[in-house]
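Structure first, then comments.
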Amino acid sequence: MKIRELAPAVLCCLLLPGPAIADDRFEAETARETEAVSLARDTQAGGYQLLTAAELKKMLDEGKPMVLVDTMPYDASYRKEHLPGARHFLFPIARMASWDTRETDGRTEADFAALLGADKDKPVVLYCGFVKCTRSDNAATWARKLGYTQVYRFPGGLYAWKGAGFPLEAVK
C-alpha cells in the first residue's frame, strides 16, 4: 500500500477525539496517538480503506450501489438501530485469524460471501459501534480475504453516525 493511500487514514486518525478522562492535553494526545496508530495499522494489515460518516452519507444519498453491513450483535444493537439499508452479519471483537462459526452465530465464510454478493468489485462498507470496536476490522479483513476489491471500513460506526445527526433505522 502506498503512503499516499494511507495518508487519509492517518489524518483521520489524528483528528479523532481524545478520551475525556485524560488529566491533561499531553495524556490526551498520547491516547489519541495510540488510537490513530492502531487504526492505521489495522487498515494497512487488512488492506481496506476508511470512510468518514460524511463520506458514507454522501455515497448513500447519491444512491451509489454498495453492500452495507452492520457487524454488531443483532438483538443488542442491529434490531434497535442501524444505518439505513444495512444488512447484518455478526463478527467478534477479538481478531479472527481463522473463521470460527462460534464467533459468527454459526454462519460460515460462504454465508458471508453470499451476503456480500457475487460482484467482487461492488463496494462493501462495514461498520460497528465506534472507532475502538474491532468487529468491522474483522469483517473488512475477511471481505478482502474473500476477494472483494472495494472494501471500506466506517470506523466511527453508530456513534459517529449519530454524532453527525444522520438517521437510523430499526427492525420492525
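At a 10 Å Cβ-Cβ cut-off, how would you order 82, 88, fewest neighbours first? Mind showing how you got there, number by number?
Values: 82 23, 88 17.
Ranking 82, 88 by Cβ neighbours within 10 Å, fewest first, gives 88, 82.
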Open item on the list: Run the reach check for residue 120 against aspartates and glutamates, Cα to Cα strictly under 19 Å, same-chain hits fewer than 8 apart removed. What comes back?
Closed with: 70, 109, 111, 137
Task: Length-normalised contact order of the chain in % [C-alpha pairs under 8 Å, at least 6 apart] - done: 26 percent
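Just so you know, all these numbers are worked out from the coordinates, no wet-lab data involved. Note that the coordinates shown come from a computational prediction; the quantities given were computed from them, not determined experimentally. As a convention, Cβ positions derive from the backbone with ideal geometry for all residues, glycine included, and neighbour counts pool all protein chains shown.
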